[in-house]
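Nothing in this text is a laboratory measurement; each read-out follows from the coordinates by a stated rule. Since we're looking at a predicted model, the values are computed, not measured. Cβ: placed from backbone, ideal geometry, glycine included. Neighbour counts: every protein chain shown.
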Amino acid sequence: MGFIDSLKISFEVWISRIFKKKRAKIGIYGPPNAGKTTLANRIVKDWTGVASFGTVSPVPHETRRAMRNEGVQIKANGSSIELDIVDTPGMATKIDFKEFMAFGMNEVEAKKRAKEATEGVIEAIKWLDDLDGVLLVMDSTEDPYTQVNVTVIGNMEARRLPLLIVANKMDLPEASPGRIKAAFPQHALVSVSALEGSNIDELYKAIATHFG
């Protein structure tokens with residue numbers, strides 16, 4: 001082996017030690033309209049250039065099937081982690097078809113949407129068996145101490161899944177990430193605006209540290 005080849009191998013080993021490449025399958029969870037799909041699109045677009053998840057809508061449960069994007073590589077804090085990201089349907093303890101009628105759907109459409117949303121929640125729960133960690137997205141303008149949030153966190157703690165809370169919508173004047181931290185002080189939290197990209201670099205650092 002020549003000097004150049006040896007130097008090349010040494011350089012590759014050095015790089016691999018600096019950027020410790022790991023892989024993890026991460027699920028993005030949270031209640032409806034917390035900004036899960038907006039965040040998923042933000043992460044994927046920042047690191048691949050293409051937002052490949054679903055559309056964003058004010059109608060609850062717009063995401064009704066889990067969507068996956070593989071091989072999203074994030075570099076932060078001197079580490080490199082390759083993520084398989086799963087954007088899941090909004091978690092809810094009760095889904096009433098009437099809430100869809102408030103958005104202009106007729107009764108038949110609303111009942112169909114409610115059925116699909118319920119199936120989506122079941123699918124999201126099943127995905128927990130196949131994940132290495134979870135980003136739990138909460139709307140920081142709302143009271144975090146809800147039955148949905150408590151149930152989701154309890155479920156993840158029981159499974160001993162690494163959990164990072166994302167306090168979203170920090171760009172809004174009524175946002176209060178501190179309320180979320182006070183409600184769930186046992187878990188790491190990062191405040192962001194997935195829509196505007198505010199503080200998103202801190203989230204990437206936290207992902208590399210928490211799941212790497």
Would you be able to say whether some residue in the stretch 153-161 is among the basic types (K, R), farther than 21 Å from E82 by Cα and surrounded by 15 or more Cβ atoms within 10 Å (Cβ to Cβ)? no
Taking only the stretch 80-110 into account, find how many residues are closer than 15 Å to R68 by Cα and acidic (D, E). 3
Reported set for the stretch 103-133 where residues are over 30 Å from R23 (Cβ atoms), surrounded by 13 or more Cβ atoms within 10 Å (Cβ to Cβ), of a type in the set (D, E) and touching a helix residue (DSSP H, G or I) at 6+ places or on another chain (Cβ under 8 Å) is E109
The stretch 101-153 - residue that is touching a residue at least 40 places away in the same chain (Cβ under 8 Å) and of a type in the set (D, E) and, of those, farthest from P89 (Cα to Cα): D132
